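The values are calculated or read from the model by the stated rules, or taken from the named source; none is laboratory data. Keep in mind the model is a prediction, meaning the values are calculated, not measured. We place every Cβ from the backbone using ideal geometry, glycine too, and count neighbours over all the protein chains shown. Only protein heavy atoms, including side chains, enter the accessible area calculation; ligands, DNA and RNA are left aside. Shrake-Rupley method; radii C 1.70, N 1.55, O 1.52, S 1.80 Å.
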Amino acid sequence: KIDLIMRLIILAILVGFPVTEGVLLYLLAAGEHGHAGWVLAWVLFAAIAGVVLIKQARFSLISRLGQALAHGQFSISALIDSFRVVIAGLLLIFPGLISDVLALTLLLIPIRESALARAAHVAGARPRSGGQPDSNTVIEGEFHRDR
């Protein structure tokens with residue numbers, strides 16, 4: 001019974017979201033003061049911006065992960081930030097007012113580093129700051145004291 005209800009809710013969201021977006025675009029284009037040309041230009045500009053954001057997120061992720069790995073760290077914040085930008089880009093590619101507002105919200109809300117550190121800690125990773133080894137790190141080598 002609950003499984004059927006969950007499936008119906010998911011189906012309603014999957015069908016209702018695009019229909020709502022289409023109705024809003026139609027109302028904007030055909031309303032009393034609507035201009036279909038401006039709505040079409042907005043949809044095309046948003047889609048181009050979404051593609052550019054996704055490409056930029058890919059290059060940014062590669063660069064940030066490369067820098068972090070060069071210092072012997074793994075940057076979860078780079079992954080989360082790139083994931084957020086990719087989701088925003090996909091929402092911008094999808095035509096509509098609601099998806100564009102959601103994309104802009106994702107892009108404008110800052111994610112604090114402490115929240116990312118908590119997420120990494122919950123996931124089982126220990127955040128390291130500044131490239132300093134933690135208390136459990138073993139550094140192998142030889143020591144010679146000159147007199």
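Looking at segment 72-87, can you tell me whether even one residue there is part of a helix (DSSP H, G or I), modelled with pLDDT of 85 or more and of a type in the set (Phe, Trp, Tyr)? Scanning segment 72-87, I find at least one residue that is part of a helix (DSSP H, G or I), modelled with pLDDT of 85 or more and of a type in the set (Phe, Trp, Tyr), so the answer is yes.
Looking at this structure, is residue 29 in a helix (DSSP H, G or I), touching a His at 6+ places or on another chain (Cβ under 9 Å), closer than 20 Å to residue 100 by Cα and open to solvent by less than 60 Å² (accessible area, probe 1.4 Å)?
Answer is yes for this residue.
When residue 102 is tested against (1) surrounded by 11 or more Cβ atoms within 10 Å (Cβ to Cβ); (2) at pLDDT 75 or above; (3) not in a helix (DSSP H, G or I), just one condition goes unmet, and that condition is (3). Residues that are open to solvent by 100 Å² or more (accessible area, probe 1.4 Å) and hydrophobic (A, V, I, L, M, F, W, C) were ranked within segment 45-75; the one that is farthest from residue 107 (Cα to Cα) is 69. Residue count for segment 92-106 satisfying the condition of being among the hydrophobic types (A, V, I, L, M, F, W, C) and without any contact (Cβ under 8 Å) to a residue 40 or more places away in the chain: 4.
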